[in-house]
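First comes the structure, then the notes that go with it.
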Amino acid sequence: MTWDYVVVGAGTAGCVLAARLSEDPSVRVLLLEAGDRDTTREIGVPAAFSKLFKTKDDWDYSTEPEAGCDGREMYWPRGKVLGGCSSINAMIYIRGARADYDGWRDAGCDGWGYDDVLPYFRRSEDNSRGADAFHGTGGPLPVSDLRDPSPLTGDYLDACEAAGLVRNPDFNGASQEGVGTYQVNQRRGQRASAAASFLRPALKRPNLEVRTFAHATRVVVEGGRATGVEVDFAGRREVFRATREVVLCGGAVNTPQLLLLSGIGPADELRALGIAVVVDAPRVGKGMQDHLAVSAVYSANAPVSYFGANKRPSVLLKYLLARKGPFSSNVAEAGGFVRTRPDLPGPDLQLLFGPAMFMAHGLQDAPGHGFSLGPYLLTPQSRGSITLRSADPVAKAVVRANYLSERADLDVLVEGMRLTLNIASRGPLRRHSGGRFLPPVGADDDDALRAHVRQHAETIYHPTSTAAMGADDDAVCDPQLRVRGVEGLRVVDASVLPDVPRGNTNAPVVMVAEKAADLLRAVPAPPRQRSSSPQPERAPA
């Protein structure tokens, strides 16, 4: 029961890392996943992503009551399946702004500036547009244009131009700012998750083992070194040993939870729960950031949207035969990046548009044809936390997002709503409008828009920074992603990011895992006596 590397969590980062590490046939890699294999039919169908929410493939977290959002307990979907959130997300491929990574570098995280990480983005990528100074081809991760976007999406972009915004054909190129259609992680109209892109081709390797339904309960630390992981298989505990390193890839909720359960965290909090302190690390679970989104929703005056597409046989047939039509859509087809002030180092708002009345994470049925558009806050000042509810490793962690606890965040979202309503009022979109559903007609002054944000804002699924790297000794991880105070333990996922990047977080996590593979491979292997290992129990492709 011993491997060179034990990787905990087969989400985006875990799939990338396990695939890259196992390229070396001399090392043995174990990948542990608490969820199931990625065989649910809806995973492959882009437009069906919200059908995966609150299912067995979702951890189904909720925040504590959020004071800044009228006391609401807010739903947080997180992937509990091979591929993690890349198997249930909206597939938008955004890297973030140059200012994000240069900011990390300037704060002391050497090797994380934009020019340092760009080669890792390019290495992972197989862009349908071809290779250039910013993009790669031949990598495992498909990046493509939407095959069949809605005509409404083009009208939205025309309305943005009428409102004074400029077109940008490539948000991941020389400049992030402007509006356009999003590139997505799809190949030929089907989702290209990290499991499908990185892990599945690697499963034939005899040195890679994947175990599903393996819920990690703690990291085993002996003599100051992580030597393995204790795992719960349906109530039975087993320990899997790592001769080189244990790598945590559980994400912004599960990674800090596992560190805390392992005695790595704020000492007083751990003692209060009866957990022996291994390392007093006050910042574990602290500093969480997330992108908060709010929408304006309009009904349409004609059947021009995706409403009822799943009930039309012709739509299904088009997808089955050509992988086109509404089922190939990621719903959030277009948007862009804007600054609310010219002196900012980068955009502070991201815009989204979908040719459907998308409400309550898609869990609420739309009343008819329509469209949704709105902003989300890219650079939140509010920070939250992940803490333990109890010492029970199966109990869900306590999520406190602290949304809008800083007034500046609310002010920026109100500015974003004003821009949104301006765009919707322009002729290319206005001609489709059958009336505004949200916010209510007439709710246009600052007080009404603030109330709308507090009542209707939701996560856009990008929590980060709960085990952040940094140059100072109090940071949970150092810039090599090593957990301070414990040898042989690293964090490779969104929790290690110092700040949430300006954009969707899946692409940055892929990059972190690509870089982490090089960091791990650069460490010389310890001398050892090789012994026979158990036959791998690989997850089926």
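The values are calculated or read from the model by the stated rules, or taken from the named source; none is laboratory data. Just so you know, these numbers come straight off a predicted model, no measurement behind them. Positions of Cβ are backbone-derived with ideal geometry, glycine not excepted, and every protein chain shown enters the neighbour counts.
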Residue match in the stretch 231-251 (condition: assigned by TED's automatic domain parsing to the domain that holds V510, in a helix (DSSP H, G or I) and touching a Lys or Arg at 6+ places or on another chain (Cβ under 7 Å)):
yes
Could you check the stretch 419-437 and list, in sequence order, the residues that are charged (D, E, K, R) and either surrounded by fewer than 15 Cβ atoms within 10 Å (Cβ to Cβ) or assigned by TED's automatic domain parsing to the domain that holds N254 (or both)?
R430, R431
If a residue has to be outside any loop (DSSP other than H, G, I, E, B) and either in contact with a strand residue (DSSP E or B) (Cβ under 9 Å, 6 or more places away or on another chain) or free of Cβ contacts under 8 Å to residues at least 24 places away in the same chain (or both) to count, how many in the stretch 288-309 make the cut?
9
Of the numbered conditions (1) in contact with a Lys or Arg (Cβ under 8 Å, 6 or more places away or on another chain); (2) farther than 30 Å from T212 by Cβ, P142 fails exactly one; give the number of that condition.
(2)
All strands (runs of 3 or more DSSP E) inside the stretch 311-408 with 3 or more residues being touching a helix residue (DSSP H, G or I) at 6+ places or on another chain (Cβ under 6 Å):
370-377
Residue count, the stretch 80-106, condition assigned to a helix (DSSP H, G or I), in contact (Cβ under 8 Å) with a residue 12 or more places away in the chain and either at positive phi or not hydroxyl-bearing (S, T, Y) (or both), comes to 8
G434 in contact with a Phe, Trp or Tyr (Cβ under 8 Å, 6 or more places away or on another chain), within 27 Å of N506 (Cβ to Cβ) and not in a loop (DSSP other than H, G, I, E, B):
no
Among (1) touching a strand residue (DSSP E or B) at 6+ places or on another chain (Cβ under 8 Å); (2) more than 30 Å from G370 (Cβ to Cβ); (3) of a type in the set (A, V, I, L, M, F, W, C); (4) assigned to a helix (DSSP H, G or I), the one test that V219 misses
(4)
Here, strands (runs of 3 or more DSSP E) confined to the stretch 120-184 with at least 2 residues that are of a type in the set (G, A, S) and within 22 Å of L378 (Cα to Cα) are 178-181
(1) more than 21 Å from L520 (Cβ to Cβ); (2) touching a helix residue (DSSP H, G or I) at 6+ places or on another chain (Cβ under 8 Å): which one isn't true of G274, the others all being true?
(2)
For the stretch 468-491, which positions are crowded, with 16+ Cβ neighbours inside 10 Å, charged (D, E, K, R) and free of Cβ contacts under 8 Å to residues at least 60 places away in the same chain?
D478, R482
Kindly evaluate Q455 against the criterion of being surrounded by fewer than 20 Cβ atoms within 10 Å (Cβ to Cβ), farther than 28 Å from G265 by Cα and of a type outside the set (A, V, I, L, M, F, W, C).
yes
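Quickly run through the stretch 402-413 and pick out the residues that are buried (at least 19 other Cβ atoms within 10 Å of the Cβ) and either among the charged types (D, E, K, R) or in contact with a Leu (Cβ under 8 Å, 6 or more places away or on another chain) (or both).
Of everything in the stretch 402-413, those that are buried (at least 19 other Cβ atoms within 10 Å of the Cβ) and either among the charged types (D, E, K, R) or in contact with a Leu (Cβ under 8 Å, 6 or more places away or on another chain) (or both) turn out to be Y403, L404, D409, L410, V412, L413.
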Got a sec? Which of F198, F213, F233 is touching a helix residue (DSSP H, G or I) at 6+ places or on another chain (Cβ under 6 Å) and aromatic (F, W, Y)?
F198
Going residue by residue through the stretch 23-42, is there one that turns out to be over 25 Å from V394 (Cβ atoms), out of contact with any Cys (no Cβ under 7 Å at 6 or more places or on another chain), in a strand (DSSP E or B) and in contact (Cβ under 8 Å) with a residue 24 or more places away in the chain?
yes
Can you list residue pairs whose Cβ atoms sit under 6 Å apart, with the first residue in the stretch 328-347 being under 27 Å from A408 (Cβ atoms) and touching a residue at least 12 places away in the same chain (Cβ under 8 Å) and the second being crowded, with 17+ Cβ neighbours inside 10 Å and among the basic types (K, R)? Count only pairs 6 or more apart in sequence or on different chains.
G346/R502; P347/R502
Answer yes or no as to whether D100 is farther than 22 Å from A10 by Cα and among the acidic types (D, E).
yes
Look through A48, A67, A107 and report the one residue that is touching a Gly at 6+ places or on another chain (Cβ under 9 Å), at pLDDT 95 or above and of a type in the set (G, A, S).
A107
Just to check your reading of the model, which residue among R236, R244, R323, R283 is loosely packed, with under 14 Cβ neighbours inside 10 Å and of a type in the set (K, R)?
R236
